[in-house]
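Right, one structure below, let's go through it.
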Amino acid sequence: MIKEHVKCLIIGSGPAGYTAAIYAARADLKPMMYVGLQPGGQLMETTEVENFPGYPDGIQGPEMMIQLRAQAERFGTDIRDGLATEAFLNETPKRIIIEDKAEITADTVIISTGASAKWLGLESEERLKSGGVSACAVCDGFFYREQDVVVVGAGDSACEEAMYLAKLCNKVTLLVRKSEFRASKIMAHRTMNTENIEVLFNHETVEVLGETVVEGVKIKNNITNQEATLEATGFFLAIGHKPNTDIFKGQLDMDEVGYLDVKPGTTNTNIEGVYAAGDCADKTYRQAVTAAGTGCMAALDAERFLAQLEH
Ligand code: NDP
């Protein structure tokens, strides 16, 4: 097992991690990054990104991540394959285990491990992920203007996504698996009162229809077992996200779902020298540009902490 020490270790490689790497490398912190299970993060699963500033013609998600990686490497970030599997953040220096490959000690650690959208787990859903199945209405809704779409979920996210899509689309059908919303009353009320949203309670997805693009959704009433087919070109999941923070449990403060707590206005966690950026600490915005913003903040916070240590 390799043993190395670095000033700044970045765990995770989405827009937050790469932006932290660009700033940390330019500040001469000589950052090392472990890219994790899905190098590039959630954007590797999206198609066109049209809302990241600086790309007037849009850019494919994977291409943007390749560019961010190249930018981080240009300033000397040591980018490595591997998944952080254990963390000892209360030690000095902090110690991170990378599978059975490496044991890295670090003066500062930037956590940018992201969050993973939850999926239903259907074969058809997986197959059509780049053909109309999405877990982000803000990212992809624009492509379904004046079309019919289906949203699955019953929480605040589902209501928010359904209402967002209702402004763009012809019709939104919201599939709620129980007989009631989990969302707050006000969100549920607004959703129910949006003219072009139809809420189908006690309905589940049987299959997303279509070979290469979504053409419809086969649904089932889970009380009567009656099946039906909805015509739709977009299928949006809003059944929650899971932040990738399990290895920090018991060390870092987090909410009940696992989103890391940071001191407002900073990326400081409850442990000095450990910073959290991007979706692993953000259940509200979850955008590439906000992740990049907090990645920048984390590198600046780390740099200031190291400067204090040195003086
Ligand atoms: P939630 O965990 O609140 O809700 C997830 C929903 O998905 C539940 O209603 C659940 O159904 C449903 N669900 C889970 N699995 C399945 C499945 N396999 N099939 C069908 N439905 C399924 O997640 P959200 O992302 O909505 O919200 C996360 C947090 O963020 C919440 O605290 C929320 O309040 C907050 N938030 C606030 C917003 C705001 O205030 N503007 C906007 C967005 C989020 P069931 O109820 O049957 O378990």
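Numerical summary
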quantity	calculated
Cleavage-rule hits, GluC sites (Glu not before Pro), the stretch 94-138, DSSP coil, Cβ neighbours within 10 Å at most 15	Glu99
In Hz, Karplus ³J(HN,Hα) per residue of the stretch 126-136 (6.51, -1.76, 1.60; θ = phi - 60°; x = Gly, Pro)	4, 4, 9, 4, 9, x, x, 9, 8, 10, 8
Fraction of antiparallel bridges per DSSP, the chain only, in percent to nearest 5	45 percent
Base-10 log of normalised Debye intensity for the stretch 37-107 (one unit scatterer per alpha-carbon) at q = 0.14, 0.20, 0.24, 0.27 Å⁻¹	-0.61, -0.91, -1.04, -1.15
Glu198 long-range amide H proximity, modeled H, under 5 Å	Val172, Thr173, Leu174
Under 11 Å, Cβ to Cβ, from Val262 - net charge with Lys/Arg +1 and Asp/Glu -1	-3
Cysteines in the chain that, by Cβ-Cβ distance, have no pairing candidate under 4.7 Å	Cys8, Cys159, Cys169, Cys280, Cys296
Candidates Lys218, Lys185, Lys129, ranked by Gaussian network fluctuation over the chain, Cα under 10 Å, top entry	Lys185
Check: the chain dipole with +1 on Lys, Arg Cβ and -1 on Asp, Glu Cβ, in debye	440 debye
Proximal charge balance of Leu168 [Cβ under 10 Å; K/R count +1, D/E count -1]	+1
Calculated P(r) of the stretch 178-238 - Cα pairs past 19 Å, %	40 percent
In Hz, Karplus ³J(HN,Hα) per residue of the stretch 93-105 (6.51, -1.76, 1.60; θ = phi - 60°; x = Gly, Pro)	x, 6, 10, 10, 9, 10, 6, 9, 9, 8, 10, 10, 9
Two-decimal log10 I(q)/I(0) for the chain, as the Debye equation yields it once each C-alpha is a single scatterer, q = 0.08 Å⁻¹	-0.40
Pair-distance profile P(r), taking every C-alpha pair of the stretch 1-68, with 5 angstrom steps and integer %	4, 17, 23, 21, 16, 12, 5, 3, 1, 0
Residue-wise HN-Hα coupling along the stretch 49-58, computed from phi with Karplus coefficients 6.51, -1.76, 1.60 (Hz; x: Gly, Pro)	10, 10, 10, 8, x, x, 10, x, 9, x
Solvent-accessible surface ranking, highest first, for Met192, Met187, Met33 at 1.4 angstrom	Met192, Met187, Met33
Glu48 long-range amide H proximity, modeled H, under 5 Å	Gly61
GluC sites (Glu not before Pro) within the stretch 228-311: DSSP coil, no more than 16 neighbouring Cβ in 10 Å	Glu256, Glu272
Distribution of pairwise C-alpha distances over the stretch 73-121, 5 Å bins, in %	5, 16, 21, 23, 17, 10, 6, 3, 0
The stretch 60-152: projected area of the alpha-carbon convex hull, averaged over directions, in nm²	9.2 nm²
Two-decimal Rg to Rh for the stretch 262-311 - Kirkwood Rh, Cα set	1.01
Neighbourhood charge, 15 Å Cβ-Cβ cut-off, centred on His5 and excluding it, Lys, Arg +1 and Asp, Glu -1	+1
Residue-normalised accessible area of the chain, given per residue in Å² at a 1.4 Å probe	49 Å²
Cross-link partners of Lys178 among aspartates and glutamates (Cα-Cα below 19 Å; sequence separation of 8 or more within a chain)	Asp156, Glu160, Glu161, Glu198, Glu204, Glu207, Glu227
Residues whose placed amide H lies under 5 Å from that of Val6, excluding near-sequence neighbours	Thr105, Ala106, Asp107
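The values are calculated or read from the model by the stated rules, or taken from the named source; none is laboratory data. Being a predicted model, the structure only gives us computed values, none of them experimental. Here the Cβ is made from the backbone with ideal geometry for all residues, glycine too, and neighbour counts use every protein chain on show. Protein only, heavy atoms only, side chains kept; ligands, DNA and RNA dropped before computing areas. Shrake-Rupley method; radii C 1.70, N 1.55, O 1.52, S 1.80 Å.
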